[in-house]
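The values are calculated or read from the model by the stated rules, or taken from the named source; none is laboratory data. This is a predicted model, so every value here is computed, not measured. Here Cβ is always computed from backbone atoms with ideal geometry, including for glycine, and neighbour counts include all displayed protein chains.
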């Protein structure tokens, strides 16, 4: 149980102190989530623990849904920071792509409850403020997305291929969903014995890398546009499928 502070704390007046207080509310919410997995923290309880009136907390989070968005966002940003730290010394784009996505998987493997909080399908049916979407487009969420997009785009750019934005988005979606499935499926079916998540992640990522290398070779050998579109890639997939 998070330790309660003195009631009532003085109001945060500067921008810096307001940012710090908002983060304190988030951290207390996260601590309560860990204490009672499957529940959602009470805003009044969080305010009480931090030594503030509920009205003070409502200035930062008008509803429980707003707090849950913030908690999920915080976990997601931490996962990206974890991956960024591991690719920082790497120069080759393919290596950065592989290590970056493996690091994202391992962050969630090491923090399974955090993964559940971010990507859980459960929403409280009896709560009028139930969260519909799990996360929303905010500057931080978009930054996290751009980290993944950047890994994919750089892989192609290093090979002098510049896919259009739609294709890059689709390729990023595919590898994000596939690698996160390495975490989600074992968590969702704990009675089944899977091989280590790190190995599954490596196999999955290398399958993508191999397929994308083949596409690059196809473009170059057929002297096609080095700025392929999503439609052209779909045609390529149909060609490969028919040939197979």
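Name the helices (runs of 4 or more DSSP H) wholly within region 164-244 that hold at least 2 residues that are modelled with pLDDT under 95, under 16 Å from residue 100 (Cα atoms) and over 20 Å from the mean Cα position of the chain (by Cα)?
none
Run down 63, 28 and say which single residue is in contact with a helix residue (DSSP H, G or I) (Cβ under 7 Å, 6 or more places away or on another chain) and farther than 30 Å from residue 150 by Cβ.
Of the residues listed, the single one that is in contact with a helix residue (DSSP H, G or I) (Cβ under 7 Å, 6 or more places away or on another chain) and farther than 30 Å from residue 150 by Cβ is 28.
Of (1) in the same structural domain as residue 141 (by TED's automatic domain parsing); (2) surrounded by 18 or more Cβ atoms within 10 Å (Cβ to Cβ); (3) not in a helix (DSSP H, G or I), residue 91 satisfies all except one. Which?
It is condition (2) that residue 91 fails.
State yes or no: is residue 85 modelled with pLDDT of 90 or more and closer than 28 Å to residue 103 by Cα?
Considered against the rule, which asks whether it is modelled with pLDDT of 90 or more and closer than 28 Å to residue 103 by Cα, residue 85 comes out as yes.
Going by what's in this entry, would residue 150 be described as in the same structural domain as residue 87 (by TED's automatic domain parsing), over 12 Å from the mean Cα position of the chain (by Cα) and more than 21 Å from residue 210 (Cβ to Cβ)?
no
Looking at residue 116, is it modelled with pLDDT of 80 or more and either over 12 Å from the mean Cα position of the chain (by Cα) or loosely packed, with under 15 Cβ neighbours inside 10 Å (or both)?
On the way: modelled with pLDDT of 80 or more: yes; either over 12 Å from the mean Cα position of the chain (by Cα) or loosely packed, with under 15 Cβ neighbours inside 10 Å (or both): no.
Taking the combined requirement at face value, the residue does not satisfy it.
Kindly establish whether residue 141 is farther than 18 Å from residue 87 by Cβ and either under 15 Å from the mean Cα position of the chain (by Cα) or in contact (Cβ under 8 Å) with a residue 40 or more places away in the chain (or both). Spell out how you get there, then give the answer.
Numbers: farther than 18 Å from residue 87 by Cβ: yes; either under 15 Å from the mean Cα position of the chain (by Cα) or in contact (Cβ under 8 Å) with a residue 40 or more places away in the chain (or both): yes.
It is true that residue 141 is farther than 18 Å from residue 87 by Cβ and either under 15 Å from the mean Cα position of the chain (by Cα) or in contact (Cβ under 8 Å) with a residue 40 or more places away in the chain (or both).
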